[in-house]
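Below is one structure, written out as structure tokens; comments come after it.
Rule-based calculations on the coordinates, nothing more; no lab input. For clarity, every value in this text was computed on a predicted model and none was experimentally measured. Ideal geometry is used to build each Cβ from the backbone, glycine not excepted, and the neighbour counts take in all protein chains shown.
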Amino acid sequence: MKENILDVLMYLFENYMNDEIEADKDEEALRSELQQAGFHHRQISKAFDWLEGLTNLQDEALIPAQHNVSIRVYTEQETERLDTEARGFLQFLENVGVLDHSARELVVDRIMALNEDDVDMEHLKWVVLMVLFNQPGREEAYAWMEDLVFDENAGILH
């Protein structure tokens, strides 16, 4: 059985959160389909809780977008979960305009909500993609991130 919350989220994203697919399935039908795909009930519930948390945070607009430059100081727990490479990647995404301060905070919050000790770059990229998915006005940033996630040959710098 697949035991990673992010695996459930990635499966949902790849199969249902696509513009070409109508989201006509209710939560119970999705849960049933996920169990048939081999995901454990507890991980499915945690994935739906994670998505609900993302929706709630986006609705609350955690931090209003700022136009000034600031430095993000990570907590000890965040630095344990997000290594130097991951924090550098987040900074890079801010520098090139893919993430703003608010979106970065959503990404950090959702990484922490995964409760996974080993968050690698692929996981981080997926979380960034999921955060950008429903953010109005961020379509270009989403498209850039989608290319990065789905194109295995894509590099950050050319």
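In nm, give the distance between the simple-model label positions of Y16 and D49, each being 7 Å from the Cα along the Cα-to-Cβ direction.
Result for the modelled spin labels: 1.8 nm.
What list of ³J(HN,Hα) couplings, whole Hz, do you get for segment 76-85 from phi and the Karplus terms 6.51, -1.76, 1.60, once you set θ to phi - 60° and write x for glycine and proline?
Ordered by residue, 3J(HN,Hα) equals 4, 5, 5, 5, 5, 8, 10, 6, 4, 4 Hz.
Of the trypsin sites (Lys or Arg not before Pro) in segment 67-126, which ones lie in a loop per DSSP and count no more than 15 other C-beta atoms within 10 Å? Write out the running numbers ahead of the final one.
Working: sites: R72, R81, R87, R104, R110, K125; in loops: R72.
Filter output for segment 67-126: R72.
For a Förster distance of 35 Å, can you work out the FRET efficiency between the beta-carbons of Q77 and E28, rounded to the nearest 0.05?
Once rounded, the FRET efficiency stands at 0.55.
With each pseudo-label sitting 7 Å past Cα toward Cβ, what's the E140-N95 distance in nm, one decimal?
Output for this residue pair reads 2.0 nm.
What ³J(HN,Hα) values, in whole Hz, does the Karplus curve 6.51 cos²θ - 1.76 cosθ + 1.60 give for segment 108-120 when θ = phi - 60°, with x put for Gly and Pro?
4, 4, 6, 5, 5, 6, 5, 6, 10, 6, 10, 9, 8
Quote the relative contact order of segment 63-158 in percent (integer), defining contacts as alpha-carbon pairs under 8 Å separated by 6+ residues.
26
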